[in-house]
Amino acid sequence: MTNQGVPARLLLNRMEILNASKKIVITGASSGLGKAMAESLLERGYEVWGTSRRLDRLPQRPRFHPVVLDLESDCSIAEAAEQIEREAGSIAILINNAGNGVFGAMESFPIEAWDQQWRVLVRGPYFFLRQMLPLLRKNKSATVIQVTSLAARFPIPMMGPYSMGKAALSTLTQSLQIESENGQIRFIDLQPGDIQSDFNQAMAISEALNQREKSILEKIEADMRSAPDSKIVTEAVIQIIEGKDYPPRIAVGDLFQSKIAPILLRLVPRSWLNWGIRKYYGI
């Protein structure tokens, strides 16, 4: 017995449960939203396994465990999952955040780039999630946060495959919500709008853009410069993790993108919305 009259075995079990609830996996933790999430969660005492394609881009910090993960490689995904299982044993939270974008017109989009977007935005996250499910099920309750995008509902011009991939990941998340047994794992579709990050700096852009495409890119970059800070997303993630109940799909961004635009989607004909998007980007 302990000094408080609690059996040592029960106290140890409680500590194991508490420690397990603090274990989080974040994909794409070397930059952008993933890096911001990792830093915020580490500050709150969580233990984070963060992934990147390059080990040297991941931070060296207490309670941060670097993991090499290339979402285009099944071997890399399996090896990353084995490392996390070996080091963590179980996890309570998976944040499927990694992704990238390619800028180009749908009519001439290289099929190789289209395939790459599908692997990175849909197939890779799905396969990695499947590898993590046994570790998540070791907890009485666990959460999977799929970082999709408002582009899943409002496609971004010249970023069709990116918008398509995020829409597919959003639908995948809804399928998991419907099929999930006993509510042991919560599946959350987190849809950021324009958020300040280094995402655009890493986006692949064709060197031969016409004037129309250049104007659209300039509008996208201007929106990113004036967008809310990544803190708005990290705060939403913390609320999801530490809150009891949360909607299955959450939009995060400025007032128009996170509140007004989703309402318009339900009330306004799609043809009107398409006209509005074209007008907004000057198409």
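Couple of notes before you dig in:
- Calculated mean residue ellipticity, 222 nm, the chain: -14500 deg cm²/dmol, from DSSP H runs (n ≥ 4) at -39500 (n - 2.57) each, averaged per residue and rounded to 500.
- From the alpha carbon centroid of the stretch 180-202 to that of the stretch 16-80 is 15 Å.
- Diffusion coefficient, µm² s⁻¹, Stokes-Einstein with Kirkwood Rh over alpha-carbon pairs of the stretch 172-283 at 37 °C and 0.692 mPa s: 197
- In summary, the convex hull built on the alpha carbon positions of the chain has an orientation-averaged projected area of 16.8 nm².
- Interchain or long-range residues, amide H under 5 Å from GLY101's placed H: ALA204
- A Förster radius of 45 Å combined with the Cβ-Cβ distance from SER215 to GLU181 puts the calculated FRET efficiency at roughly 0.35.
- Taking the chain and dividing mean pair separation by its residue count, relative contact order in percent (alpha carbons under 8 Å, at least six apart): 16
- Helix axis angle, 211-225 relative to the chain longest principal axis, alpha carbon, degrees: 40
- Spacing of the modelled spin labels on ILE238 and ALA113, each 7 Å from Cα toward Cβ, amounts to 3.8 nm.
- Qualifying trypsin sites (Lys or Arg not before Pro) for the stretch 187-283 [loop in DSSP, other Cβ within 10 Å: at most 10]: LYS244
Coordinate-derived values only; no laboratory data. Model, not experiment: these values are computed from the prediction. Here Cβ is always computed from backbone atoms with ideal geometry, including for glycine, and neighbour counts include all displayed protein chains.
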